[in-house]
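Read-outs: derived from the displayed coordinates by stated rules, not from any lab. All values derive from a computational prediction rather than experimental measurement. A quick note on method: Cβ atoms are made from the backbone with ideal geometry, for glycine too, and the neighbour counts reach across all protein chains shown.
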Amino acid sequence: MHNPGDATAAVICGIGAALPSRVVSNAELCTRLDTTDEWIRSRTGISFRHVTGADSSTEDLAVQAAEQALAVAGATSVEAVVLATTTPDRCCPAAAPAVASRLGLTGVPAIDLAAGCTGFLYGLATAVGFISSRTANAVLIIGVDRLSTLPARDDRTTVPLFGDGAGAMVLRRGRLEDDGAIGPVVLGSDGTQAELIQAAHPGSLQMQGAEVFRHAVDRMTSACAQAVAAVGWCMNDIDRLVPHQANARITSFVARQLEVPDSRVLGNVDLVGNTGAASIPLLLAQSASDDRLQAGQRVLLTAFGAGLTWGAVTLTWPELAS
Ligand code: UT7
């Protein structure tokens, strides 16, 4: 007879997402930047991004996505909250305790985690740790960013790339063989390249785009190969590749190098741009709701971001309530 306390895998049981209502098109950007719709679409694949106004904060977006994930999980509570962001509303205190309290979870462990656009994957590893260390039986992870606040308003090289959003996931204690169990999480960082993407404060983002592009392709490709090997699959087993959404050309290069056909690659960068730590859970939530992602499919997540940081992880998508 199994003792439920023996189960140490973290298993997905809920997913949710939130986007600000205001949509900014390339055409709108062209009215204030020296750029064209053609340049933005051909170099990045982006046509639209959602942007928060003064009426919505990072914490608001986080709460909205979390409420949806908790509802899908059929849960009114979890025992820990991990919030990944690079763009909190304030430096101190962390956003996670405030978000937890707004969700009625005052008292649970709640931390922020900053790992750039890889934050959600670092959050997954943290949630696995909370569950295996018996700190928690159920964990809420939120990836949320308002990256539209980082570029200088007139910087045509960065403004078109970024949007705002949030994604959230609920994980429960389960078994490694369960659908939804998080596989070995591959993570890495390289601080010698920190200056490739940096911002001292909102409005001051500096990015060496072409160099970042090269690192993103290399790091995500090798992290994917490691994650697939670590779980004992081969690349052809992957039904859905879910890459961080920074640039459609980065995604294409990674998929080509891994020999994953385009039909198996999920993307939404055309409609939301780069939403940072929200990118992966947002794409998962949207794809699960429009059936691009289905129960039983073998999924490979990968991300890359400022730090530099990167990661990848496998899982089999579970049956979730809609
Ligand atoms: O989540 C991780 C964070 N970031 C990323 O992953 C971003 C990775 N990098 C990229 O996505 C691409 O490098 C960019 C989209 C940022 C830039 O594309 P690129 O093909 O690497 O262009 P580039 O930076 O080499 O610039 C090519 C030209 C330059 O003009 P010159 O010097 O050749 O005359 C730029 O000034 O394109 C110019 N340019 C633009 N032109 C029109 C740069 N931005 C724009 C623009 N509109 N918005």
Between Glu67 and Ser289, what length in nm is gained on full extension when 0.36 nm per residue of separation is reduced by their alpha carbon distance? 78.3 nm
State the percent of C-alpha pairs, over all pairs in the chain, separated by a distance greater than 34 angstrom. 16 percent
Checking a compactness column here: for segment 98-163, what do you get for Rg(Cα) / (2.2 N^0.38 Å), N being the number of residues? 1.45
Descending packing, highest mean Cβ count within 10 Å first, for 221-229, 138-146 is 138-146, 221-229
When N counts the residues of segment 174-223, how does its alpha-carbon radius of gyration compare numerically with 2.2 N^0.38 Å, as a ratio? 1.67
Can you tell me which of 241-249, 199-207, 156-164, 261-269 comes out highest on packing, and rank the rest after it, using the mean Cβ neighbours within 10 Å? 241-249, 156-164, 261-269, 199-207
Just to be sure I understand: of the beta bridges DSSP finds with both ends in the chain, what percent are antiparallel, rounded to 5? 70 percent
Could you check the simple spin-label distance between Arg134 and Gln208, using points 7 Å along Cα→Cβ, in nm with one decimal? 4.9 nm
Taking only Cα atoms and a 10 Å spring cutoff, compute GNM fluctuations for the chain and point out the largest among Ala166, Ala303, Ala230. Ala230
Compare the peptides 65-78, 16-29 by average per-residue count of other Cβ atoms within 10 angstrom and give them in order, highest first. 65-78, 16-29
Under a point spin-label approximation (7 Å from Cα along Cα-to-Cβ), what is the Arg249-Ala229 distance to one decimal in nm? 3.0 nm
Quick one: if you take sqrt(5λ) for each eigenvalue of the C-alpha gyration tensor of segment 109-256, what semi-axes come out, biggest first, whole angstrom? 29, 21, 13
Quarter of the Cα convex hull surface for segment 186-316, i.e. its orientation-mean projected area (nm²): 7.9 nm²
Max mean-square fluctuation residue, GNM over the chain, Cα-Cα springs under 10 Å, options Gly165, Gly119, Gly53: Gly53
Cβ-Cβ FRET estimate between Glu177 and Asp262, R0 fixed at 45 Å, reported to 0.05: 0.90
